[in-house]
Amino acid sequence: METKQCEEITEMVCLESDLQDGQMKQVEVDQHKILLVRNKGEFVAVGGLCTHYGAPLIKGALVGDRVRCPFHGACFNTKTGDIEEFPGLDSLPTFKVRVEGGKVYVTTDKKKLNKRVKKMCGRVPGVSHTVVLIGGGPASLQCAETLRQNDYGGRIILVTKDEQLPLDKTKLSKAMNIDIEKVLLRQSDFLQHHGIEVWTKKESVDTEAKSLTFKDGTVQHYDQLLISTGGRARPLQCPGAELENVKLLQSYKDATEIHHMSAGNKAVVVGTSFIGMEVAAYLSDKAVSVSVIGSSKVPFQSSLGPAIGKMTMQMLEEKNVKFYTCNGVAEIRGENGKVKEVVLKNGEVLPADIVIVGIGVIPNSDFLKRTSVEIDSRNAVVVDKFMKTNVPDVFAAGDVVSFPLPLVGHKRVNIGHWQLAQAHGRIAGLSMLNQQVAINTVPYFWTMLLGKSIRYTGYGEGYTDIVFKGRTEERKFLAFYIKDEEVVAAASLNFDPAVARLAEMLLMGKRITKAQAQSDDLSWLQLP
């Protein structure tokens, strides 16, 4: 080990012959987990942990100069450390590498952190140009940071109806009692330092002639506008839906209220898709009883398929969660304004102290109906591949948009994925600066149930067949979704980095046939 005065530490980490081209290895120098990569005879080293939630990148997929996180799909350039695909906001630190006498040495210093914030400017005095971002989610925040990373010196105003700064809402259905500080995407001092104003508890009601009007009467001029208002939870339509303890999960406050109202009480969850199932799993050891009502035979029946749905149902049943499938809510009865019982469509009556509703999302575009911004039949804002709407200087991103997805021949789709919202925000920011970069991303999604994470990539709508490797009964599998004799999506549990690898292949436009998926030889997937 060599130590210099500037607190640099150099260690021999391996032999040159230990790594072949296209291989990676996790090494440790001064307690830093470092990813060492060899490509075309050259060694490079970057931080070894994903900046999103610390997943070990050594378990991910390496394709050329890019490594994809196995957990949630974030991608990093192994030469620069820069984040190239989301989720996550920060890049990886880079480390000096030298090869001498057949040995590989890596140098680090004590000041290096696990994350590196891309260089960003702040607001430049005297520049009056104003960008307003409506919505407090990942699309708005990523757009703001992209502008500052590309030397935009004007005013940036991020407007949200939420009470908090932008936060990681994917956590709210998985850890409902989490400390707010653990889910904030950026701290207030970071945003202030980079000149990103955040207006909380403000709701837009109209936008025209380059000005925004808010519910409180405030009017704000803009030169460029981003609409990233996301979606709102679809409410239950039945007698009693207005009772006090019928809850939707839309905010941090909702999550904490559901946690406290459910603890030691009887909880009924309506909906067997991602939000409903994650909430039921979370409450399984906190509520006295958890009952789940679903319209299909098993959870996730259309999205992930019956086999995976049956597996997730069994996982929750093992935790004493009761399912009422092929069913629905006819009425919610209450006493003194609070829920007392839920009447099912088949006549069964379930006692309930709280009802949590997770039956889908509606794009938040109502405030645009009096404007000339184009909205489709599903209430999504229509954008092109540069995230531009049909109105000059008005852009849109995230769950509220219908955008052209390259993976399906640029057909317009509306997908509520966290990773996609960030990708949209980046493209919108570049478009505002007249950098014409088209959206080119592969959807990547995950769900967490009782400590088990199912990964998903691609776009499986309209699939006609599922090919399995492994067994859902053993809770270790890789599922290929087939349409027109091709793999269009994949899901996995305990099969990393298969989904990450497939995401890279789909991104590169590689055609994967049903025959390849069915083959016992998966060498084409290049799994370790």
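The values are calculated or read from the model by the stated rules, or taken from the named source; none is laboratory data. If you're wondering where the values come from, they're calculated on a predicted model, not measured in any experiment. Because the Cβ atoms are built from the backbone with ideal geometry, glycine has one as well, and the counts that use them run over all protein chains shown. Heavy atoms of the whole protein, side chains included, go into the accessibility calculation; ligands, DNA and RNA do not. Shrake-Rupley method; radii C 1.70, N 1.55, O 1.52, S 1.80 Å.
Residues in the chain average 43 Å² of solvent-accessible surface per residue, probe 1.4 Å, ligands and nucleic acids excluded. Charge dipole (Cα centre; +1 on Lys/Arg Cβ, -1 on Asp/Glu Cβ; no other charges) of the chain amounts to roughly 120 debye.
The modelled label-to-label distance for the pair Glu486/Lys369, using points 7 Å beyond Cα in the direction of Cβ, is 3.9 nm. Simple point charges give the picture: +1 on the Cβ of Lys and Arg, -1 on the Cβ of Asp and Glu, and for segment 1-64 a dipole about the Cα centre of about 360 debye. Eigenvalues of the alpha-carbon gyration tensor of segment 306-351, scaled by 5 and square-rooted, set the equivalent ellipsoid semi-axes at 26, 13, 7 angstrom, largest first. Between segment 22-53 and segment 453-473, the C-alpha centres lie 31 angstrom from each other. Dividing the Cα radius of gyration of segment 431-474 by 2.2 N^0.38 Å, with N the residue count, gives 1.82. Restricting segment 236-276 to GluC sites (Glu not before Pro) that sit in a DSSP loop and have at most 16 other Cβ atoms within 10 Å of their own Cβ leaves Glu242, Glu244. Here Lys286 sits with roughly 60 square angstrom of accessible surface, probe radius 1.4 Å. Under the combined filter of DSSP loop state and at most 15 neighbouring Cβ atoms within 10 Å, segment 223-279 retains none of its trypsin sites (Lys or Arg not before Pro).
Per atom type, segment 88-152 shows carbon and sulfur on 51% of its accessible surface, probed at 1.4 Å.
Calculated [222 nm] ellipticity per residue, helices only, for the chain: -4500 deg cm²/dmol; basis is -39500 (n - 2.57) per DSSP H run with n ≥ 4, divided by all residues, nearest 500.
Average projection, convex hull of the Cα set of segment 364-507: 10.1 square nanometres.
The tail of the calculated P(r) for segment 28-152, taken as Cα-Cα distances beyond 23 Å, holds 40 percent of the pairs.
Using C-alpha pairs under 8 Å with a sequence gap of at least 6, the mean separation divided by the residue count of segment 30-79 gives a relative contact order of 27 percent. Apolar share of the accessible surface for segment 421-528: 45 percent from carbon plus sulfur atoms, 1.4 Å probe.
Each peptide in 198-206, 161-169, 489-497 gets a packing score, the mean of other Cβ atoms within 10 Å over its residues, and the list from highest to lowest is 489-497, 161-169, 198-206. For the listed peptides 81-88, 118-125, a ranking on the average number of other beta carbons within 10 Å per residue, highest first, reads 81-88, 118-125.
Peptide packing: for 61-71, 92-102, the average count of neighbouring Cβ atoms within 10 Å per residue gives the ranking 61-71, 92-102, highest mean first.
Can you pull out the trypsin sites (Lys or Arg not before Pro) in segment 469-528 that DSSP calls coil and that have at most 10 other Cβ atoms within 10 Å? Answer by residue number: Arg511. For the chain, relative contact order (Cα pairs under 8 Å, six or more residues apart, normalised by length) works out to 12 percent. For a distance above 38 Å, tell me the whole-number percent of Cα pairs in the chain that qualify. Everything past 38 Å amounts to 33 percent.
Ranking Val373, Tyr105, Ala45 by Cα position along the charge dipole of the chain, where only Lys, Arg, Asp and Glu carry charges on their C-beta atoms, puts Val373 farthest toward the positive end.
Calculated on C-alpha atoms, the gyration radius of segment 377-455 divided by its Kirkwood radius gives an Rg/Rh of 1.03.
Three principal axis extents describe the C-alpha atoms of segment 114-190; from largest down they are 44, 32, 19 Å.
Would you work out which of Val382, Leu165, Ala330 lies farthest towards the positive end of the dipole of the chain, given +1 charges on the beta-carbon of Lys and Arg and -1 on that of Asp and Glu, about the Cα centre? Farthest towards the positive end: Val382.
By its C-alpha gyration tensor, with a ≥ b ≥ c as the square roots of the eigenvalues, how is segment 183-243 shaped: rounded for a/c under 1.5, else prolate for a/b larger than b/c, else oblate? Verdict is oblate for segment 183-243.
Bridgeable lysines around Lys112 (alpha carbons under 18 Å apart, same-chain partners fewer than 8 residues away excluded): Lys4, Lys33, Lys79, Lys96. Taking the accessible area of segment 6-68, probe 1.4 Å, and keeping the other protein chains in place, the carbon and sulfur fraction comes to 44%.
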